[in-house]
Amino acid sequence: MSTPLDADVVVVGGGPVGLACAIESRLAGLDVVVVEPRTGSVDKACGEGLMPGALAALGRLGVDPPGHALAGISYRRGAHHADHRFRGTPGRGVRRTTLHDALRERADELGARRVTARVDHVEQAADGVEVAGLRARRLLACDGLHSTVRRLTGLEVEPRRSGARAPVRRFGLRRHFHVAAWTDLVEVHWGRAVEAYVTPVSDDLVGVALLGPAGVDFATALATFPELVERLAGAEPAGPVRGAGPLRQRTLRRTSGAVRLVGDASGYVDALTGEGLRVGLAQAAAAVRHLDDPAAYERSWAQATRGYRVLTTGLVAWATSPARGAIVPVARSSPRLYGTIVEALAR
């Protein structure tokens, strides 16, 4: 790569984690370009509940999006529920498009450049990387669950499609409803095979995200939760149903030459514990901090994701086993353990 560089860092993917990488880069004094094919506000099917740790990480970046205060988590099944209210600062329900706009505004304020383009090749050389016609010293791949960069750089692990050890492939669906918020908790309703995450994102707008196996129909699955059917009776939907998945993604490693995988592109277990953004923001900080030390980034990535991977893997295994129905009763009967787990994920 003998021609001059266009930037110190190219970020592929202009979602929240990609924009966080751009902000981190500018705060570190680096010239950065974000490559993203979509224009306008970027949405995603997700629960939209920002845990207290995620809010603190955003605050460090100078980002404070508006939303609805979240005081804790409530696990619910039928007439039973187990509630834990956060110790200390609350979380916040923030619509994904609102979060994206706040991060983009901050990145623009700091001088990050943006290019509208789709990535279809990555060319590496001893002194950097070329992507979308741009040459840079490093590439931060933040292009999501189905990362093109991850595939192009050979870092993707193909999922096991069948057999006794094949993981259950889970998917997410989300829709908003115009209805007065009835809770200041993230409600997780446990059905027979599907979880429903209820997150107020403003005083009069509530998001409902469903997690479950392939082929779940949003309206059919929602109808299996009587409490939600009653709460949402007569409420007008705000926009279409959005989907995402399969959620589980694995990688061989997080680095390849000048490339670093960050956020969902670097591997994902499940959205069940709701801390994906907190972990993604920690990865963004580590990727920029260890831009020139791939081994250090791998170590920081492992440290930042360890708790999430262990707890989420265990909970998903439980949730997809015959003992699924015991999750809420156990949480009710062991409030101290339940609260400890929630706090560990929240911070």
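Key figures for this structure:
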| item | result |
| --- | --- |
| Test for Thr97: is it under 26 Å from Thr39 (Cα atoms) and either touching a Pro at 6+ places or on another chain (Cβ under 7 Å) or of a type in the set (S, T, N, Q) (or both) | yes |
| Filtered residue count, the range 297-324, keeping only those that are part of a helix (DSSP H, G or I) and surrounded by fewer than 14 Cβ atoms within 10 Å (Cβ to Cβ) | 7 |
| Subset of the range 65-95 (residues that are under 18 Å from Gly280 (Cβ atoms), out of contact with any helix residue (DSSP H, G or I) (no Cβ under 7 Å at 6 or more places or on another chain) and open to solvent by less than 30 Å² (accessible area, probe 1.4 Å)) | Gly93, Val94 |
| Out of Gly62, Gly47, sole residue that is open to solvent by 10 Å² or more (accessible area, probe 1.4 Å) and closer than 16 Å to Arg106 by Cβ | Gly62 |
| The range 1-26: number of residues that are farther than 14 Å from Asp108 by Cβ and open to solvent by 40 Å² or more (accessible area, probe 1.4 Å) | 7 |
| Number of the exception - Glu105 against (1) within 30 Å of Tyr197 (Cβ to Cβ); (2) over 21 Å from the mean Cα position of the chain (by Cα) | (2) |
| Qualifying residue in the range 107-118 (condition: in contact (Cβ under 8 Å) with a residue 12 or more places away in the chain, buried (at least 22 other Cβ atoms within 10 Å of the Cβ) and assigned to a helix (DSSP H, G or I)) | yes |
| Residue within the range 156-169 that is in a strand (DSSP E or B), touching a strand residue (DSSP E or B) at 6+ places or on another chain (Cβ under 9 Å) and open to solvent by less than 60 Å² (accessible area, probe 1.4 Å) present | yes |
| Residue match in the range 176-196 (condition: open to solvent by 50 Å² or more (accessible area, probe 1.4 Å), over 30 Å from Thr224 (Cα atoms) and at pLDDT 95 or above) | no |
| Complete set of residues in the range 197-221 that are out of contact with any helix residue (DSSP H, G or I) (no Cβ under 6 Å at 6 or more places or on another chain) and among the aliphatic types (A, V, I, L, M) | Val198, Val201, Leu205, Val206, Val208, Ala209, Leu211, Ala214, Val216, Ala219, Ala221 |
| Residue in the range 50-61 that is within 18 Å of the chain's Cα centre (by Cα), in a strand (DSSP E or B), over 25 Å from Ala136 (Cβ atoms) and of a type in the set (A, V, I, L, M) present | yes |
| Test: residue in the range 64-78 that is in a helix (DSSP H, G or I), more than 22 Å from Asp143 (Cβ to Cβ) and hydrophobic (A, V, I, L, M, F, W, C) | no |
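Yes/no matrix, rows are residues, columns are (1) open to solvent by less than 30 Å² (accessible area, probe 1.4 Å); (2) of a type in the set (A, V, I, L, M, F, W, C); (3) in contact (Cβ under 8 Å) with a residue 60 or more places away in the chain:
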position: Asp120; (1), (2), (3): no, no, no
position: Glu123; (1), (2), (3): no, no, no
position: Ala132; (1), (2), (3): no, yes, yes
position: Leu140; (1), (2), (3): yes, yes, yes
position: Ser147; (1), (2), (3): yes, no, yes
position: Arg151; (1), (2), (3): no, no, no
position: Arg174; (1), (2), (3): yes, no, yes
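The values are calculated or read from the model by the stated rules, or taken from the named source; none is laboratory data. Treat the numbers as computed from the prediction; the structure is a model and nothing was measured. Positions of Cβ are backbone-derived with ideal geometry, glycine not excepted, and every protein chain shown enters the neighbour counts. For accessibility, only protein heavy atoms count, side chains too; no ligands or nucleic acids. Shrake-Rupley method; radii C 1.70, N 1.55, O 1.52, S 1.80 Å.
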